[in-house]
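Shown next, in structure tokens, is the structure this report addresses.
The values are calculated or read from the model by the stated rules, or taken from the named source; none is laboratory data. If you're wondering where the values come from, they're calculated on a predicted model, not measured in any experiment. Virtual Cβ from ideal backbone geometry, glycine too; neighbours counted across all protein chains shown. We work out accessible area using only protein heavy atoms, side chains counted, and drop any ligands, DNA or RNA first. Shrake-Rupley method; radii C 1.70, N 1.55, O 1.52, S 1.80 Å.
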Amino acid sequence: MNVSYRWLRDMVPGLDLSPEKLAEHLALRGAPVEDISSAGAELGDIVMGVVLDSTQHPNADRLSLCTVDGGHGEVKVVCGAPNVKVGAWYPFAPVGAVLPGNFKIKKSKIRGEVSDGMLCSSKELGLGTEHDGILEIQGEFTAGESFVEAIGLDDATMDVEITANRGDLLSHAGVAREVASEGEGRVELSEIEGDPGIELSFERDAQEARRGPVGVRIDDADLCLRYLGAVIRSVKIGPSPAWLQQRLRGAGARPINNVVDATNFVMLELGQPLHAFDLNGLAGTSIVVRRVREDERSFTTLDGEKRKLTSDMLMICDAERPVAIGGVMGGLDSEVEDDTVDILLECALFDPKSIRSTRKALVMSTDASYRFERGVDPEGMELAMSRAVALIVATAGGEVDGPVLDCCPVAFEAATVDLRLSRIEHLLGVAFEADLVRELLTPLGFDVVGESDGTLQVRVPGFRSYDVRREVDLIEEVARAHGYDNFPSDLGPYRPGTVADHPMFALEDELRQSLAARGLLEAQTPAFVPEGEGDVRVANPLATTEPFIRRAILPSLIRRLEHNFAHGNHDVRLFEIGTSFRSAGSGEPPHEEAHLAAVLHGRREPPHWSSDGAALAVWDLKALLERVAATAYGGAAVVVPGSQEDDTFVAGAAFDVQLADGSVVGRGGLLKGEVVDPPAWAGEIWGLEVTLPSNPGAPEVVTFHPLPQFPAVERDLALLVPDNVWAYDVDALIRIRGGPLLEGVELFDLYRGEAVTQGTRSLAYRLRFRSPDRTLKDKQVDKAVGVILARLKEELSVEQRG
């Protein structure tokens, strides 16, 4: 939101802060100022010049030789613009002036004629992109006066960041309320020069308001809650007066003509968008607010673009056809033009959700839609209409024909919220008296209408009806108005909570700590994905290229891996804990699951001169997958070799996370080449994704076990294992059949060669036995080893190597 510093000061009596101090104040109120700029900062050398004469250049067909008065006598200027006119005013750069970009104007000879200066275009001044013609300035000026002061570019423009819930701040009045406490505590609207003092009357009806041949009707009251229409006849379209143009330029807007400028002025002042129709361009001189019909599937807007319409969009129509897209943009056939005489001025209240849906579907955004989709003031419409009518009559002449037609099928009722002083103290930690609360809330537009037993009844104004609905919302307003920096910084007494964290939160925290300890960084990727990566379509997607929500997280992480590759990052370890969505059938909400995914590439350890920088291997991935499975499922899940092929992982280099019932809750392994788009230098890329339990058990209580007092006994077994038997199965069988004395099993060697039978391999295991209450004898250990060897031969055809 561009805010004019001069305009803001005029609205708040007694406000005497600099733009920088105002920016600090707004930041403390939750509306930080991103930038403070002045369009005229580099235009101090430019003056107003009037063209006294213009003739054809004697030596060039496309050039003119102009006589210009720039305040220091008449000079000759060669100009190539086609729109130069005698008697018109233009920005003039005399010899010695410096334009933006450090371009210095020098006396020069062009095609044999001397040029003492330059008439400037908006692009040359840094005020726009138009370069086809010089910038003509409407109004009465003095030759040689400062161009910056003449058109109001000496104002400071503040770019205020507005959150989506604060549509009331999309106006100078809204911002003025936030800084009113720095002045006299009130907001005043600026006077309109030449205000005719018109008192409007209203013709009201719930369905159709009509007076004579002009009428307003709302057919779809769910999308349009109120519509005001005022007829002004015999207007004269022309340039706006200088003061109005200066106001608009100070707020970053471009003047167009007096009628359009009046509607833009009111929108910037009060936040209420308005639109003016050429009344003679409306069939039947009536307005009908309704949805799109079956035979109305396209519409040409003011910008000349042909828009595709859908049946849920709201249109402003005349008796025959649509003339505007409600709350977004007017139509080409009914716009106000230079020969317009009679206008119908629109002031409406649309459903914010409908405007947002339409705007997104049409892939367009306007100043009007930006405000309507955030909510405009339902109580300020009559004021906005009165201001606009007065401004149009004052600048374009004409007279109001009849009452304002007011069609209002849904009347607005302001809410009253109870605000307990005790609750304020409980949440903010500081006691507030009723008078202080009233003093803080009143400048913001809230009205304390009653008080009883320490409870205030606060009426919420229309412009805050969208975001202030509960007691806690009012308490936030009290805190903002009081100033967050004014609260004491000492820690007061409090009662710590005794409710344990939800087991899922505890599990996610444990997984984060575990993965971070292994060198992985947590990523957060959007849930919106292209078609093919999701089953659930979003009704109003943020982007047309991502209309679904994801059913898996790994593809999103792979895109972040590719992003890192594009920036030259070789060692990448990312993980994410997020939600996946799967369709649950027509009319049913999607099924949601918590997933953990990770993607890895590069070295297995940080680079160091003492190491060879070995790359991550399949065993690193398996160890990580086992750690995740053990943390999420405890002993209920095991990591086994991949049992099926899929489109993501390479067969033979993939693993499944399997539960006792055989169901697979996760996969990991080497990613296939078609899944990733790596650069030529990239090595093997590993990934995993695991479904987390929906109801994880409470964390196990840590119990103390004393250190063993008796020594362990170790036995090394070299086993001939058939190639079709997994090492995992051998390990599992040893652990199961080893008995209670078996403390640990470690695979420490793999051998293939001539010394072993073809079709087998040698796996060497170290078994560690220990008793907690005695020293083991060799006979006891040999007996346990014998049982293990017997079971291995019987169940897996694994024999001890001789």
Checklist line | Selected from VAL235, LEU456, GLN780, residue furthest toward positive end of dipole (the chain; charges at beta carbon) | finding: GLN780
Item checked: Ranked order, ASP620, ASP53 - accessible area, probe 1.4 Å, largest first -> ASP53, ASP620
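May I ask you to list the GluC sites (Glu not before Pro) in the stretch 704-802 that are in a DSSP loop and have at most 14 other Cβ atoms within 10 Å of their Cβ?
Passing both the DSSP loop test and the Cβ count: GLU754.
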Check: Which value, in debye to the nearest 20, gives the size of the charge dipole of the chain about its Cα centre, when Lys and Arg are +1 and Asp and Glu are -1 at the Cβ?
Finding: 2840 debye
Checklist line | 18 Å Cα-Cα reach of LYS106 towards lysines, excluding residues that sit fewer than 8 places from it in its own chain | finding: LYS76
Note to self: Can you show me the helix-derived [θ] at 222 nm for the chain, built from DSSP H runs with n ≥ 4 at -39,500 (n - 2.57) apiece and divided by the number of residues, rounded to the nearest 500.
What the structure shows: -7000 deg cm²/dmol
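Please compute the per residue accessible area over the stretch 497-558 with all protein chains in place, 1.4 Å probe, rounded to a whole number of Å².
Per-residue value: 58 Å².
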Item checked: Candidate residues ARG387, ARG359: accessible-area rank, largest first, probe 1.4 Å -> ARG359, ARG387
Item checked: Other-chain or far-sequence residues with amide H under 5 Å of VAL292's (modelled H) -> MET313, MET315
Next item on the list: Classify the stretch 436-545 as rounded, prolate or oblate from the Cα gyration tensor: take a ≥ b ≥ c as the square roots of its eigenvalues, call it rounded if a/c is under 1.5, otherwise prolate when a/b beats b/c and oblate if not.
Entry: oblate
Next item on the list: Could you list the GluC sites (Glu not before Pro) in the stretch 412-459 that lie in coil according to DSSP, counting only those with at most 12 other Cβ atoms within 10 Å of their Cβ?
Entry: GLU413, GLU433
Next item on the list: Could you state how much accessible area SER354 has, in square angstrom rounded to the nearest 10, with a 1.4 Å probe and all protein chains kept in place?
Entry: 10 Å²
Note to self: Using DSSP to call loops (not H, G, I, E or B), can you name the trypsin sites (Lys or Arg not before Pro) in the stretch 233-282 whose Cβ has at most 15 other Cβ atoms within 10 angstrom?
What the structure shows: LYS236
Notebook entry, point to check: So what does THR757 come to for accessible area, using a 1.4 Å probe and Å² rounded to 10?
Noted result: 90 Å²
Notebook entry, point to check: What's the Kirkwood radius of the stretch 503-691 in Å, using all Cα pairs?
Noted result: 17.4 Å
Notebook entry, point to check: Within a Cβ distance under 15 Å of PHE265, other residues only, what is the Lys/Arg minus Asp/Glu net charge?
Noted result: -2
Margin query: Students often forget the sequence filter, so: which aspartates and glutamates lie under 18 Å Cα-Cα from LYS104 once same-chain residues fewer than 8 apart are removed?
Written below: GLU42, ASP45, ASP116, GLU124
Next item on the list: Whenever you get a sec, compute what percent of the accessible area on the chain sits on carbon and sulfur atoms (1.4 Å probe).
Entry: 48 percent
Margin query: Less than 9 Å Cβ to Cβ from PHE372, Lys/Arg counted +1 and Asp/Glu -1: what total charge do the surrounding residues give?
Written below: +2
Notebook entry, point to check: Within a Cβ distance under 12 Å of SER108, other residues only, what is the Lys/Arg minus Asp/Glu net charge?
Noted result: +4
Note to self: Using a 1.4 Å probe on the protein heavy atoms only, what accessible surface does THR358 show? Give it in Å² to the nearest 10.
What the structure shows: 10 Å²
Item checked: Pairwise Cα inverse-distance average, inverted: Kirkwood Rh of the stretch 202-407 (Å) -> 16.8 Å
Check: What is the set of long-range amide H partners of ARG420 at a cut-off below 5 Å, with H atoms built 1.01 Å from backbone N?
Finding: LEU456
Check: For the residue pair LYS85 and GLU531, what label-to-label distance in nm results when each label sits 7 Å from Cα along the Cα-to-beta-carbon direction?
Finding: 5.2 nm
Margin query: From the phi angles alone, apply the Karplus equation (6.51, -1.76, 1.60; θ = phi - 60°) to the stretch 96-111 and give each ³J(HN,Hα) in whole Hz, x where the residue is Gly or Pro.
Written below: x, 5, 10, 8, x, x, 6, 8, 9, 7, 10, 5, 9, 10, 10, 6
Checklist line | Rg(Cα)/(2.2 N^0.38 Å) for the stretch 422-486, N = residue count | finding: 1.03
Checklist line | Pairs beyond 28 Å (Cα-Cα), from LYS85/LYS236; LYS236/LYS360; LYS672/LYS793; LYS622/LYS783; LYS21/LYS123; LYS308/LYS353 | finding: LYS236/LYS360; LYS672/LYS793; LYS622/LYS783; LYS21/LYS123
Next item on the list: With just the Cα atoms of the chain, tell me how far they stretch along each of the three principal axes, in Å, largest first.
Entry: 118, 84, 62
